[in-house]
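Have a look at the structure below before the remarks.
The values are calculated or read from the model by the stated rules, or taken from the named source; none is laboratory data. Since this is a predicted model, take the numbers as computed values, not measurements. Methodologically, a virtual Cβ is constructed for each residue, glycine included, from the backbone with ideal geometry; neighbour enumeration extends over all protein chains shown. Calculation scope for accessible area: heavy atoms of the full protein, side chains included, ligands and nucleic acids excluded. Shrake-Rupley method; radii C 1.70, N 1.55, O 1.52, S 1.80 Å.
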Amino acid sequence: MGSSSFPWSDFDFIKATVKIQRTMVDKVIYDTVKTEASEAALPLSETLLKLLLAWRGQSKFNNDTDWVWASPFSAGERPLNLNGMQHDHVVPAAKKAGLEPFGWHAFRHTCRAWLNDSGTPLGIQKDLMRHANISTTANVCGAAMDPSMREANDKVVKMVIQ
């Protein structure tokens with residue numbers, strides 16, 4: 001399983017989209033992604049767009065060919081090592097918070113659960129998650145959160161009791 005990495009040129013700040021065009025596996029960058037669905041442009045929220053533009057303004061590596069999260073050891077020509085980031089930052093933060101160590105893919109499952117919890121239609125969830133098949137979205141990637149399950153169950157119980 002690879003992770004997506006991208007240079008600034010993957011962003012269209014006028015259309016507020018990003019098009020992920022490559023993946024990185026064990027520090028090797030491939031100019032392909034897993035599926036055609038993975039290549040689809042993704043919309044950027046106004047909030048994220050502002051944060052990215054602010055980051056680009058303060059980053060030393062802000063040319064179109066530089067990586068958004070560039071390694072300082074390669075002068076912007078290579079992305080940060082995500083496995084190193086996970087080991088050095090994500091895992092210690094999880095332990096500090098009393099959680100079991102987890103990887104980057106857990107964030108995808110969380111995103112899917114939040115999309116579902118917010119009432120986002122399954123078809124839109126599929127597209128935002130860049131899944132080729134809706135069955136992957138529905139059956140594999142994330143589940144409803146406890147408050148949503150409680151609320152849904154409460155609605156059904158009230159229908160039956162009242």
(request) Whole number in Å², please: accessible area per residue of the stretch 1-146, 1.4 Å probe, ligands, DNA and RNA not counted. (result) 64
(message) For Leu80, what residues show an amide H to amide H distance below 5 Å, using hydrogens built from the backbone and excluding near sequence neighbours?
(response) Trp69, Ala70, Ser71
(request) Quick one: dipole size for the chain, taken about the Cα centre, charges +1 on Lys/Arg Cβ and -1 on Asp/Glu Cβ, in debye to the nearest 20. (result) 240
(request) Might you report the magnitude of the Cβ-based charge dipole of the stretch 44-114 about its Cα centre, with Lys and Arg at +1 and Asp and Glu at -1, to the nearest 20 debye? (result) 200
(message) Full-extension gain between Cys111 and Ala132, please, as 0.36 nm times their residue separation minus the C-alpha to C-alpha distance.
(response) 5.9 nm
(message) Rounded to the nearest percent, how much of the accessible area of the chain (1.4 Å probe, protein heavy atoms only) is carbon and sulfur?
(response) 58
(message) Compute the angle between helix 46-58 and the longest alpha-carbon principal axis of the chain, please, reported from 0 to 90 degrees and rounded to the nearest 10.
(response) 20
(message) Can you give the FRET efficiency to the nearest 0.05 for His89 and Asn62, using r as the Cβ-Cβ distance and R₀ = 22 Å?
(response) 0.45
(message) Along the Cα→Cβ direction, 7 angstrom out, place labels at Ile124 and Ile29. What is the inter-label distance in nm?
(response) 3.3
(request) Using the structure shown, select from Lys60/Lys126; Lys60/Lys95; Lys96/Lys155; Lys34/Lys60; Lys19/Lys60 the pairs with a Cα to Cα distance greater than 28 angstrom. (result) Lys60/Lys126; Lys60/Lys95; Lys96/Lys155; Lys34/Lys60
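Per residue of the chain, what 222 nm ellipticity follows from adding -39500 (n - 2.57) for every DSSP H run with n ≥ 4, rounded to the nearest 500?
Helix contribution divided over all residues of the chain: -11500 deg cm²/dmol.
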(message) Tell me which trypsin sites (Lys or Arg not before Pro) from the stretch 51-140 have a DSSP coil assignment and no more than 12 other beta carbons within 10 Å of their own.
(response) Lys60
